[in-house]
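A.B. asks: Please read through the structure below; I'll follow up with questions.
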Amino acid sequence: MNAAPLALNRSLKPLPKPPVRIVHLGLGAFHRSHQAWYTQHAPDAAEWGIAAFTGRRPDAAAALSRQDCLYTLVERSAGGDSFEVIGSIVEAVDGANTARLCELVAAKETAVVTLTITEAAYGLAADGTFDAGTPGAADDLRALSAAASGEAGVPGTPLGRLVLALARRRDSGSGPIAVVSCDNLSANGEVARRAVLGLASGWGSGLAGWIEANVSFVSTSVDRITPRTTEADIAEVEEQCGYSDNSPVVAEPFRNWVLSGDFPAGRPRWEEAGAVVVGDIEPYENRKLWLLNGSHSILAYAGQLRGHATVADALADPLCRKAVEDFWDEAAHHLQGEGLDIPTYRRALLERFGNERIAHRLAQIAADATTKLRMRAVPVMAAERADGRSGAGSALMLAAWIDYVTAGNDFQDPLAAEIQAAVALDGTNRVQGLLRLVSAALAEDPGVVALVSRLLGSFATTPAATPAST
Ligand code: CS2
């Protein structure tokens, strides 16, 4: 088929572009299915354009720029697909282009910086504090110190680059701004604040003080299952929409965004597109991180050990499903807030995970385990043990991960070298060594080490008939 390019809409008129007032770090599929969707659907969308900088995939900026930053959002329900062209991103930039980042963050019109840089990019130590000793942070502290004294110094991590840009905003006198973390971390606003202030200490000359007084760190809980786009998705968009789009994004119909914090320079009216603004975000955050993301991690490790490839396949396996439901029972002890309605939330999750048309790869979810398990297993287990129960549901998530890395499966993790070193140990030392990378306190609890050790091998058998992956 000779499809027209997406840079022109179907009536072949260029779409009007809103001015840049939001800078985003971490241009990936999730940002495009979530914050970009909410921004497009806010009633004041015409005033709020997004300039998005790439993180792990610099080529994403060039691909999107080639089609005028427009792309198709494919909303994939169990019953079929619907298509929408998203135009809220107006500029897509290689994350290494710090000159453009500084220019945009320093501009008076820019009011919000949103982040989807992955959990691992906040440089958290196992106790949740900012770790200035990681190679990325140490290099950035040096680069920022050089930049502060007028020498060549360009930070390499997204937050290091943000600190450089905030220094330019301070110098330009453009005033307060909001930084909004949209990564799956508890108290993500506070975590972002600590990481930014930690890096800003490299700058000296009061930058950290200016940030404390002028930058509001907003916490959010974000939710929309967005699997990686495949070649088949690209072909489907061309066939169904009649234009060629090399960067479509596929997501489930469900979406949720809860925000808490100040926006001193304004923001789009996202709440009119369905976002919820609350005073206390913690109960919502825990519900999502534990019930959705926690069970995702169980399915990622247990499911792959059992030979499954997608969330829907793994959930259809009774052994994996039971592990999920047991963990949910356990987590629910600590989700007592008003209005959380855990039974309804659980039912909705079963339906969302069971959507076989969304091929959400377990291998994608398995990445960055050490950071993710700290948010997904550790708090529930610690709360269970504090209440005098064993924490067996969370222990099973940890045991499945230990089995997964011990079995020699490929994985990506900021602590990959430390994981390999611990895997080389024997028996209890191995369990304790791996647990230590997730929580020093749990690794020092002999009851936890014994319980996790006992649960190893729980997913060792392959089910008789593995459902075909979609
Ligand atoms: C997943 C999340 O990859 C993962 O770790 O658990 O990306 C999950 O799909 C999203 O948080 C859903 O909102």
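The values are calculated or read from the model by the stated rules, or taken from the named source; none is laboratory data. Remember, it's a predicted structure, so these values are computed and weren't measured experimentally. Ideal geometry is used to build each Cβ from the backbone, glycine not excepted, and the neighbour counts take in all protein chains shown.
A.B. asks: Can you tell me how many residues within segment 139-177 are polar (S, T, N, Q), assigned to a helix (DSSP H, G or I) and in contact with a helix residue (DSSP H, G or I) (Cβ under 9 Å, 6 or more places away or on another chain)?
C.D. replies: First, pick out the residues of segment 139-177 that are polar (S, T, N, Q): 145, 149, 157, 172, 174.
Filter again for assigned to a helix (DSSP H, G or I), leaving 145, 172.
Pick out the ones that are also in contact with a helix residue (DSSP H, G or I) (Cβ under 9 Å, 6 or more places away or on another chain) and you get 172.
Within segment 139-177, residues that are polar (S, T, N, Q), assigned to a helix (DSSP H, G or I) and in contact with a helix residue (DSSP H, G or I) (Cβ under 9 Å, 6 or more places away or on another chain) number 1.
A.B. asks: Glu212 versus (1) touching a Lys or Arg at 6+ places or on another chain (Cβ under 9 Å); (2) crowded, with 16+ Cβ neighbours inside 10 Å: which is the lone unmet condition?
C.D. replies: All conditions are met except number (2).
A.B. asks: I would also like to ask the following. Output yes when any residue across segment 22-35 is touching a residue at least 60 places away in the same chain (Cβ under 8 Å), touching an Asp or Glu at 6+ places or on another chain (Cβ under 9 Å) and aromatic (Phe, Trp, Tyr), and no when none is.
C.D. replies: no
A.B. asks: Out of the residues in segment 215-254 meeting the condition of being part of a helix (DSSP H, G or I) and in contact (Cβ under 8 Å) with a residue 24 or more places away in the chain, tell me which one is nearest to the ligand (Cβ to nearest atom).
C.D. replies: That would be Asp233.
A.B. asks: Of all residues in segment 108-125 being farther than 21 Å from Phe411 by Cβ and not in a loop (DSSP other than H, G, I, E, B), which is nearest to the chain's Cα centre (by Cα)?
C.D. replies: Result: Leu115.
A.B. asks: With the condition kept exactly as written, say whether any residue in segment 38-55 is within 16 Å of the ligand (Cβ to nearest atom) and at pLDDT 95 or above.
C.D. replies: For segment 38-55, residues within 16 Å of the ligand (Cβ to nearest atom) and at pLDDT 95 or above: present.
A.B. asks: Contact list please: Cβ distance under 6 Å, first residue in segment 61-72 and assigned to a loop (DSSP other than H, G, I, E, B), second residue of a type in the set (A, V, I, L, M), pairs at least six apart or on different chains.
C.D. replies: Once the first residue is assigned to a loop (DSSP other than H, G, I, E, B) and sits in segment 61-72, its partners that are of a type in the set (A, V, I, L, M) give Gln67/Leu6; Gln67/Ala7; Asp68/Ala7; Cys69/Ile89; Cys69/Val90; Cys69/Ala92; Leu70/Leu6; Leu70/Val85.
A.B. asks: When you check Asp127 against the structure, is it modelled with pLDDT under 90 and more than 20 Å from Arg57 (Cα to Cα), yes or no?
C.D. replies: So Asp127 passes the test.
A.B. asks: Would you mind finding the one in Ala143, Ala125, Ala132, Ala152 that is under 30 Å from Arg21 (Cβ atoms) and either assigned by TED's automatic domain parsing to the domain that holds Phe30 or crowded, with 22+ Cβ neighbours inside 10 Å (or both)?
C.D. replies: Details: Ala125 fails: under 30 Å from Arg21 (Cβ atoms); Ala132 fails: under 30 Å from Arg21 (Cβ atoms); Ala152 fails: under 30 Å from Arg21 (Cβ atoms).
Criteria check complete, one pass: Ala143.
A.B. asks: Condition check: within 16 Å of the ligand (Cβ to nearest atom) and more than 21 Å from the chain's Cα centre (by Cα). Does Asp341 satisfy that?
C.D. replies: No.
A.B. asks: Another one. Within segment 429-437, identify whether any single residue is under 25 Å from the mean Cα position of the chain (by Cα), touching a residue at least 40 places away in the same chain (Cβ under 8 Å) and in the same structural domain as Asp329 (by TED's automatic domain parsing), and answer yes or no.
C.D. replies: yes
A.B. asks: Here is a follow-up. Kindly check whether there is at least one residue in segment 162-176 that is surrounded by 21 or more Cβ atoms within 10 Å (Cβ to Cβ), away from the ligand (no atom under 16 Å from the Cβ) and under 18 Å from the mean Cα position of the chain (by Cα).
C.D. replies: yes
So that you can scan it fast, the table gives a plain yes or no per residue for (1) surrounded by fewer than 18 Cβ atoms within 10 Å (Cβ to Cβ); (2) within 15 Å of the ligand (Cβ to nearest atom); (3) not assigned by TED's automatic domain parsing to the domain that holds Leu289; (4) not basic (Lys, Arg):
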site: Gln364; (1), (2), (3), (4): yes, yes, no, yes
site: Ala369; (1), (2), (3), (4): no, yes, no, yes
site: Ala386; (1), (2), (3), (4): yes, no, no, yes
site: Gly393; (1), (2), (3), (4): no, no, no, yes
site: Leu396; (1), (2), (3), (4): no, no, no, yes
site: Val405; (1), (2), (3), (4): no, no, no, yes
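A.B. asks: Could you check how many residues of segment 292-308 are more than 14 Å from the ligand (Cβ to nearest atom) and either outside any helix (DSSP H, G or I) or within 15 Å of Asp329 (Cα to Cα) (or both)?
C.D. replies: Number satisfying all stated conditions: 3.
A.B. asks: Condition first: hydrophobic (A, V, I, L, M, F, W, C) and modelled with pLDDT of 95 or more. Now tell me which residues in segment 97-122 satisfy that.
C.D. replies: If we filter segment 97-122 for residues that are hydrophobic (A, V, I, L, M, F, W, C), which is where we start, we get 99, 101-102, 104-107, 111-113, 115, 117, 120-121.
Across segment 97-122, the qualifying residues are Ala99, Leu101, Cys102, Leu104, Val105, Ala106, Ala107, Ala111, Val112, Val113, Leu115, Ile117.
A.B. asks: Something else about it: Looking only at segment 107-142, count every residue that is more than 18 Å from Gly49 (Cβ to Cβ) and either in contact (Cβ under 8 Å) with a residue 24 or more places away in the chain or within 16 Å of the ligand (Cβ to nearest atom) (or both) and tell me the total.
C.D. replies: Counting residues in segment 107-142 that are more than 18 Å from Gly49 (Cβ to Cβ) and either in contact (Cβ under 8 Å) with a residue 24 or more places away in the chain or within 16 Å of the ligand (Cβ to nearest atom) (or both) gives 20.
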